[in-house]
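Comments concern the structure below.
The values are calculated or read from the model by the stated rules, or taken from the named source; none is laboratory data. None of the values given here were measured: they were computed from a predicted structure. No Cβ is skipped: glycine too gets one built from the backbone with ideal geometry, and neighbour counts run over all protein chains shown.
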Amino acid sequence: MGHGETYLAFIQLMRWNASPISVQTFGSIPPFGRRTHFLCRSEWLIALLLAWIGCHVREQFPMWPWRSPNVLQGLNSNLDATLPWSPGTIALCRELAIDHGYFVGTSIPYVWTLDLVATLVWLPMEQCKAAVVSIKPLAHETYAGDTDPIARGPEKLEVERQYAAKTGLSYFVADRSLYPGHILGQLELFSSSANLPRGHPVQIAQSRLLDSKGDSLAQEPPTAWRDRLMKDWQLSQPEADLAVGNIIWNQLIDVDLTRELQMEDPVRPGGRALQQALRKSIERGNQWPR
């Protein structure tokens, strides 16, 4: 239900449903502060990547068994009437000759969920799109090459793909192995610095630093940014570190996060170009660039 800060995930992590095999993750996904519910670490890391390029991310989104509104319903009332509805997973399973399934011991149809739904909010509202991202271990034999004809995993992916196609959504299958190097770990590191309260002393000092030094900061190491904030605007070290992390996450200075960032060395550009490449890829509905 809902969008943005008010979204409520269908599956929520509780003490009674902890997984013995997956690294379930709490935490906020920028730009929102709401509590999230990720069933594995890859969901959390890919959600951070989506947020970094500007998507609004919702996790554990229900595909209702019956005919139901589009995932974008409610984002903008002017668009609602134009959005195609989902036929429901019962109809999709019947069409694909797949057993739908019920909650154990009941006649209630099981509610399937989408791992991640990403809204491309940088587009003009009248062109707004969303993408469904299924998080699966791509190296596992279930999803690589020939599949077991009785395996439920590939069947669920096909239902998800059809759900996306019939509701005008892009669709991807991904896991963290698609993104080698340091980008996912560094996004996780700086994600807690993504938001600064407007009018807060840290935000004011950061703004003044950028206004006074601008792109010349790219020739200095991030530790020098921190030292300037502490010396010239009397921030504490934790406050200065927060401002530096915010600069890096939001690419206020162009920083390549695919390489390990050494805080004592000048940064290398490339982050902004990567963000744009990922945006264009998801807009076109193509598989993401590796």
Can we say residue 228 is among the charged types (D, E, K, R), surrounded by 13 or more Cβ atoms within 10 Å (Cβ to Cβ) and under 27 Å from residue 45 (Cβ atoms)? no
Residue that is surrounded by the fewest Cβ atoms within 10 Å (Cβ to Cβ), among those in the stretch 65-92 that are touching a Phe, Trp or Tyr at 6+ places or on another chain (Cβ under 9 Å) and more than 23 Å from residue 126 (Cα to Cα): 67
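Yes/no matrix, rows are residues, columns are (1) at pLDDT below 90; (2) out of contact with any helix residue (DSSP H, G or I) (no Cβ under 6 Å at 6 or more places or on another chain); (3) over 30 Å from residue 179 (Cβ atoms):
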| residue | (1), (2), (3) |
| --- | --- |
| 85 | no, yes, yes |
| 95 | no, yes, yes |
| 120 | no, yes, no |
| 125 | yes, yes, no |
| 132 | no, no, no |
| 142 | yes, no, no |
| 149 | yes, yes, yes |
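Condition check ((1) surrounded by 17 or more Cβ atoms within 10 Å (Cβ to Cβ); (2) free of Cβ contacts under 8 Å to residues at least 24 places away in the same chain; (3) assigned to a loop (DSSP other than H, G, I, E, B); (4) on the phi > 0 side of the Ramachandran plot) across all residues:
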| position | (1), (2), (3), (4) |
| --- | --- |
| 194 | yes, no, yes, no |
| 210 | no, no, no, no |
| 257 | yes, no, yes, no |
| 260 | no, no, yes, no |
